[in-house]
Amino acid sequence: MSQTQKFKLKIVIIGEHATGKTSLIKAFVEQKFSADYRPTIGTNIFIKRLELAGDEITLTCWDIAGQERWTSMRPLYYKGASGAILVGDITRKSTFEQLAKFWLPDMAKHVGEKIPIILIANKTDLPREASNEDVDACAKDIGATMVAETSAKNGDGVNEAFMKISKAILGK
Ligand code: G3D
Ligand code: MG
């Protein structure tokens, strides 16, 4: 049997206000380590341990608190990220457009190398304004190799989305 390896991965979760970023992380991570709250960065850090193909993974999920776009701390936020989750809200088409217009370029400015990106289309429990085509077009625009549809409200697709990005980061 091959030996168990341990990996620590940092994932950033970005997108417009109220797309459901915090709700998604909370639906995935049962425990928030309050000791890791960084008020000066305006960031909550959530930790999740999981097993993937026999390896032990510690995921640290970084969540921008409050006024996402206006924090001056974004360089720190992005630093050392090995994967990114970009979140759009299917009840608001504009949230997908802003991923291509603002968030992807913002991330590219701060993250040197190319990292795996997953596009999450959240709020599938609600009537949609963004069509499947809109979501696919967005994925193409932002260079996301994976797309997941989720509802942070009822949990649909959430686990799968986080597992997908983790696997992509580890090349599995
Ligand atoms: P953000 O962190 O991206 O700003 P939040 O977004 O996680 O704070 O979510 C914003 C609002 O959307 C919250 O509502 C939250 O409950 C709701 N929400 C998040 N995900 C879903 C979803 O999948 N389905 C539905 N129906 N609602 C969702 P409130 O009213 O608490 O502000
Ligand atoms: Mg939030």
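Within the range 54-145, the GluC sites (Glu not before Pro) that combine a DSSP coil assignment with at most 15 other C-beta atoms in a 10 angstrom radius are 113, 129. Each of the chymotrypsin sites (Phe, Trp or Tyr not before Pro) that DSSP puts in a loop and that has at most 16 other Cβ atoms within 10 Å breaks the chain; the longest unbroken stretch is 38-172.
How much length would be gained if the chain were fully extended between residue 101 and residue 53, taking 0.36 nm per residue of separation minus their Cα-Cα distance, in nm to one decimal? Write out the running numbers ahead of the final one.
Values: separation 48, 0.36 × 48 = 17.28 nm, distance 3.63 nm.
Stretched fully, the residue 101-residue 53 segment lengthens by 13.7 nm.
Taking the chain as a Gaussian network of alpha-carbon nodes connected by springs under 10 Å, the highest mean-square fluctuation of the residues 151, 131, 23 belongs to 131.
Work out the P(r) tail for the range 57-117: percent of alpha carbon pairs separated by more than 18 Å, whole number. Write out the running numbers ahead of the final one.
Details: 694 of 1830 pairs.
Distances greater than 18 Å cover 38 percent of the Cα pairs.
Placing unit charges on C-beta atoms (Lys and Arg positive, Asp and Glu negative, everything else neutral), compute the dipole magnitude of the chain about its Cα centre in debye, rounded to 20. All intermediate terms of the calculation are to be shown ahead of the outcome.
On the way: 24 positive and 21 negative charges, 115 e Å.
So the dipole magnitude of the chain works out to roughly 560 debye.
The spread of Cα positions in the chain, taken along each principal axis and listed from longest to shortest, comes to 48, 36, 31 Å.
The numbers here are math on the coordinates, done by the rules we state, and not lab data. Remember, predicted model here, so these are calculated numbers, not experimental data. FYI the Cβ positions are ideal-geometry reconstructions off the backbone, even for glycines, and counts take in every protein chain you see.
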